[in-house]
1. Which value, in debye to the nearest 20, gives the size of the charge dipole of chain B about its Cα centre, when Lys and Arg are +1 and Asp and Glu are -1 at the Cβ?
2. What distance in nm separates the simple spin-label points at residue A:143 and residue B:25, each placed 7 Å from Cα in the Cβ direction?
3. Taking all pairs of different Cα atoms in region B:31-101, averaging 1/r and flipping that mean, what Kirkwood radius in angstroms comes out?
4. Given the peptides A:284-290, A:179-185, arrange them by the average over their residues of other C-beta atoms within 10 Å, most packed first.
5. To check my understanding: the extent here is largest minus smallest coordinate of the Cα atoms along each principal axis. What are those three numbers for the protein assembly as shown, in Å, largest first?
6. Need one number: nm distance between label points at residue B:5 and residue A:118, each 7 Å from Cα along Cα→Cβ, rounded to one decimal.
7. To the nearest 20 debye, what charge dipole does region A:1-95 have about its Cα centre, counting +1 at the Cβ of each Lys and Arg and -1 at the Cβ of each Asp and Glu?
8. Could I have the simple spin-label model distance between residue A:161 and residue B:48, label points 7 Å from Cα toward Cβ, reported in nm to one decimal?
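Derivation of every value follows stated rules applied to the coordinates shown; laboratory data play no part. Everything quoted here is computed from the prediction, not taken from an experiment. Heads up, the Cβs are rebuilt from the backbone with ideal geometry, glycines too, and the neighbour counts pull from every protein chain shown.
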Amino acid sequence: MTRMSNYNIRPKDLTDQEFFYGHKACAGCGATIAVRLALKVLGERTFSVLPANCMSAVSFIYPQMAFATNAMIAPFPATGAMLSGVAAGAKALGLKDFQTVGFAGDGGTADIGFQALSGAIDRGDDILYICYDNEAYMNTGIQKSGLTPYGTKTTTSPAGENLPGSVKHKKNMFEIVAAHGIAYAATASIGYPNDFLRKLNKAKSVRGPVYLHILASCPTGWGSKTELSVELAKDAVDSGLWYLAEYENDEFKLNVNPKEFASVENYLSKQGRFKHLKEEDINVIIEHRDKKWEKMRKTWL
Amino acid sequence: MRPKVRAYKRPDKISDYPSTPAFESGHLVSKNAGWRTFKPVVDPEKCVGCLRCYLVCPDGVISRTEDNKVEIDYDFCKGCGICAHECKLDAITMKKEADEDE
């Protein structure tokens with residue numbers, strides 16, 4: 001922890017400038033917190049690439065432009081490819097001291113944008129890919145994605161007598177990315193903003209591909225109160241349903257290892273998308289969590 | 001420091017439109033204040049300037065003042081209430097917009 005704490009940023013050291021301002025996202029949107037903080041750390045000389053997702057839908061509304069840095073919209077599956085292209089183009093122009101960042105949602109990362117991301121990591125391009133994970137395709141009206149957790153009610157995984165909503169657990173996106181032998185990868189949560197700032201600061205200094213996966217709540221899709229957005233993202237980590245970890249030099253490292261998990265029921269009950277869950281469904285979630293943590297604690301500490 | 005809101009002049013002729021699908025960044029023409037039913041009000045007596053609210057504001061409308069407190073840009077606050085909920089000292093309270101007029 002001492003080695004890595006060098007990258008800590010205090011909130012008062014952040015720039016006063018706002019690079020993501022006046023967007024039309026829903027009140028209490030978690031993803032906008034992730035984008036806003038990321039741009040504050042990365043700075044003005046940043047090229048942002050956004051595929052089709054909420055963040056591009058709420059900011060590029062002609063003649064309004066909420067990004068105060070360079071930003072462009074990529075085709076849905078092309079975030080990784082476009083990032084590589086922007087980095088190569090900037091290099092060809094002889095630009096120095098710039099950042100290239102992509103903000104893709106969970107569907108745009110784990111499903112649709114996956115091959116371009118994999119290719120960009122494989123090429124070893126100097127890019128930063130941020131996946132903001134709100135656990136479904138929220139922009140198009142809450143459809144199930146590869147990162148939707150078990151028991152989630154979405155429009156394409158309805159809950160009823162026979163099904164508890166989504167019947168698959170979240171894809172292990174972080175480990176899949178790490179398996180490429182990426183320069184640096186980390187998970188984060190908007191409930192732990194200081195941890196996210198540190199990882200961004202570290203990502204800024206790493207040469208080569210970097211992947212950050214941040215859990216960002218969505219009041220509209222999660223059926224939660226707007227003021228609970230940050231609390232829910234924190235609860236997810238405290239209850240063990242999400243984890244804060246890093247991957248570097250072929251090694252995983254777990255950043256937070258709770259002695260005792262907070263209540264899973266408490267986390268689930270604050271969200272409309274889990275309201276239908278029966279006790280046996282919650283037990284499936286807890287069982288899956290325990291299995292995952294047993295493995296992480298064995299090899300990631 | 002935030003981008004300024006500028007008046008939008010409707011194009012009269014085709015050459016007034018941007019010539020490519022590119023546009024100036026940080027160009028704001030409308031506010032978000034009308035989205036709000038409750039507004040956050042900071043109590044400067046209770047605020048110690050921990051900047052937790054500043055970190056977790058989705059719209060970035062909370063900024064630092066010179067005396068190490070926070071102030072809110074009501075032109076763009078959507079009234080989500082995260083700042084009031086996350087403040088450990090209850091220095092921010094959500095007040096109903098209409099109450100001010102009474």
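1. Details: 17 positive and 18 negative charges, 90 e Å.
So the dipole magnitude of chain B works out to roughly 440 debye.
2. 3.1 nm
3. Values: mean 1/r = 0.0826 Å⁻¹.
When all Cα pairs of region B:31-101 are included, the Kirkwood radius is 12.1 Å.
4. Details: A:284-290: 15.9, A:179-185: 18.4.
Ranked from most to least packed, the peptides come out as A:179-185, A:284-290.
5. Taking the Cα atoms of the protein assembly as shown, the three principal extents are 61, 60, 47 Å.
6. Using points 7 Å along Cα→Cβ, the separation is 4.7 nm.
7. On the way: 8 positive and 4 negative charges, 41 e Å.
The dipole magnitude comes to about 200 debye.
8. 5.7 nm
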